[in-house]
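The values are calculated or read from the model by the stated rules, or taken from the named source; none is laboratory data. Worth saying up front: this structure is predicted, and the values here are computed from it rather than measured. In this analysis, Cβ positions are derived from the backbone assuming ideal geometry, glycine residues included, and neighbour counts consider all displayed protein chains.
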2 protein chains.
Amino acid sequence: MTTSEAPLTFVCRDEEQNTPSERALREGAELMFFGYRSFTQDPDKILSERDYGRAHHRALHFIGTQPGLSVAGLLDILDVTKQSLARVLKPLIDDGLVEQRVGENDRRQRLLFLTDDGVAFEERLSAPQRARLTRAFREAGPDAVEGFRFVLELMMDEEQRKQALTVIAGAKLP
Amino acid sequence: MTTSEAPLTFVCRDEEQNTPSERALREGAELMFFGYRSFTQDPDKILSERDYGRAHHRALHFIGTQPGLSVAGLLDILDVTKQSLARVLKPLIDDGLVEQRVGENDRRQRLLFLTDDGVAFEERLSAPQRARLTRAFREAGPDAVEGFRFVLELMMDEEQRKQALTVIAGAKLP
DNA sequence: CATTTATGTCAACGTCGCTGACATAAATCG
DNA sequence: CGATTTATGTCAGCGACGTTGACATAAATG
């Protein structure tokens, strides 16, 4: 429960003129590094079984949560070049994890969907991450989770945050 | 201040049987992705001016906070192979940002230090990250920051967390 | 003196970003 | 209708950064 054996000096309470200490900033940066690395390590292992990488997971994730996403829409979320995405998407399609359907309104569009295999593989990838989040959220408690969310949101620029929150809120699944 | 225009449903309060919702888990995972990307984007730009990458920043950061770190110690923190580190460390040394000194007790060791140029460049790299953290910590408030830290800590496995907290607590600088 | 440890280095490989250019099909505009 | 724009795909080439496996050297250690 308590991980504060080595007490971190994160906070610097002086109400309005609330300025984080040098130490708090360094600790925050290092926690971002260590935390993100832990968060991604399990799916990375699974992905390497199949010559996939983290980018494949990201594509599967967002196609999964937003079925019918266009290629342009996915490019926008991932913020990579068309060529980078193509090298990820093509194998996923060839391997039968992602399916493309021609758009009904706009027949230039290739709308993206997960196949059953795609859904299964995506769930296998995200299961360990969900387990990590579940454990962390449980042990940290609802208020800590609120804080976690709040700080990560504020890490983004205004515009990125707007887009990210739109994406997060716009999931078509559960 | 308030970014909750699109209210996220993060928390699932049922006291003891506190289980995060499906939606909360997905949101958490996506925030990790978007947040980390935002966090690294500024230094990434600066690094690309010089044919450096994120790995160079990490090396500079940890050498900066733990001057006199051995190569093995840095390998342990970064958890990469010797060869991966070598390809990062060599240019930093050649470019005069990192200096090696033979260990006094153990003359096989090459202890790592930042040169003045190294300190300056590292500060340039981390400045935008510190600015992000400062803004986020200020706006989110001390309790949110506590929660942020707590959740990220709990994201790690027992062992990794122990090591990370040791590294974080063991900074020889401020 | 033999072994282990700390470090460096070589070759080869794969993922995943990037740029720039070009091609096709479909929508849209004048 | 014809010209332009849009959505997508694809080719060639490059760089960063991770991997494995093998080998070399110098210094510490038993």
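What's the number of the condition A:Y52 fails, among (1) more than 10 Å from chain B (Cβ to nearest Cβ); (2) surrounded by fewer than 17 Cβ atoms within 10 Å (Cβ to Cβ); (3) at pLDDT below 95?
Failed condition: (2).
Pairs only if they're at least six apart or on different chains, beta carbon under 6 angstrom, first in region A:120-141 and more than 10 Å from chain B (Cβ to nearest Cβ), second of a type in the set (D, E); list them, first residue then second.
A:P128/A:D42
Checking the condition in contact with a strand residue (DSSP E or B) (Cβ under 7 Å, 6 or more places away or on another chain), within 11 Å of another protein chain (Cβ to nearest Cβ) and either under 14 Å from B:R26 (Cβ atoms) or free of Cβ contacts under 8 Å to residues at least 40 places away in the same chain (or both), which residue from A:G64, A:G170 passes? Can you show your working first?
Values: A:G170 fails: in contact with a strand residue (DSSP E or B) (Cβ under 7 Å, 6 or more places away or on another chain).
After applying the criteria, what remains is A:G64.
Please find, among B:E99, B:E139, the residue that is surrounded by 13 or more Cβ atoms within 10 Å (Cβ to Cβ), within 26 Å of A:F137 (Cα to Cα) and not hydrophobic (A, V, I, L, M, F, W, C).
B:E139
B:T19 is checked against (1) at pLDDT 95 or above; (2) more than 16 Å from DNA strand C (Cβ to nearest atom); (3) closer than 20 Å to A:A140 by Cβ and fails just one. What number does that condition carry?
Every condition holds for B:T19 apart from (1).
Being more than 14 Å from B:F62 (Cβ to Cβ) and near DNA strand C (Cβ under 7 Å from one of its atoms) is the filter here; which residues of region B:83-102 pass it?
As a first pass, look at region B:83-102 and keep what is more than 14 Å from B:F62 (Cβ to Cβ): B:83-84, B:86-87, B:90-91, B:93-96, B:99-102.
Once the filter is applied, which keeps residues that are more than 14 Å from B:F62 (Cβ to Cβ) and near DNA strand C (Cβ under 7 Å from one of its atoms), region B:83-102 yields B:Q83, B:A86, B:K90, B:Q100.
Looking at A:L154, A:L75, A:L92, A:L133, which one is within 30 Å of B:S21 (Cβ to Cβ), buried (at least 19 other Cβ atoms within 10 Å of the Cβ), within 16 Å of DNA strand D (Cβ to nearest atom) and not polar (S, T, N, Q)?
It is A:L92.
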